[in-house]
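The values are calculated or read from the model by the stated rules, or taken from the named source; none is laboratory data. Here the structure is a predicted model, which means the values were calculated and not measured. Positions of Cβ are backbone-derived with ideal geometry, glycine not excepted, and every protein chain shown enters the neighbour counts. With ligands, DNA and RNA removed, areas are computed over all heavy atoms of the protein, side chains included. Shrake-Rupley method; radii C 1.70, N 1.55, O 1.52, S 1.80 Å.
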Amino acid sequence: RKRRLLAVIPVYVGTVSGTQVRVGELFTEAVRRNAAAILLAHNHPSGDPTPSADDLRTTADAVAAGRLLGCPVIDHLVFGAGCWWSLRERSGISFDD
């Protein structure tokens, strides 16, 4: 509840062009560990952290799933070359936690 980091769990390893994400798998360890919330993060090998359409869709789907599971998504961070993008702050998706 104090948003203390419990673990960093790599769920997927993608390629330079992307990866397929199954939203349910994003929550597996969080549910197993009885986590109060999750934070999603990934990198863009191109160096440009601007979220893709797939990033936005996956985030919206994860936020909806988190609501159902009682394990909200705190944010989804996208890292690029020396910079990052917070979807909570800049995407218009309502995280409602």
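Summary of computed values
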read-out	value
Among beta bridges that DSSP assigns inside the chain, antiparallel share in %, nearest 5	40
Between 0 and 90°, nearest 10: helix 53-69 axis offset from the chain longest Cα axis	0
Carbon + sulfur, % of accessible area of the chain - ligands and nucleic acids excluded, 1.4 Å	54
Solvent-accessible heavy-atom area per residue, rounded to whole Å², over the stretch 1-78 at 1.4 Å	68
Answer label for percent of Cα pairs over 23 Å apart (calculated), chosen among (i) 21; (ii) 18; (iii) 30	(i)
FRET efficiency, 1/(1 + (r/R0)^6) with R0 30 Å, evaluated for Leu6 and Ala81 via beta carbons	0.55
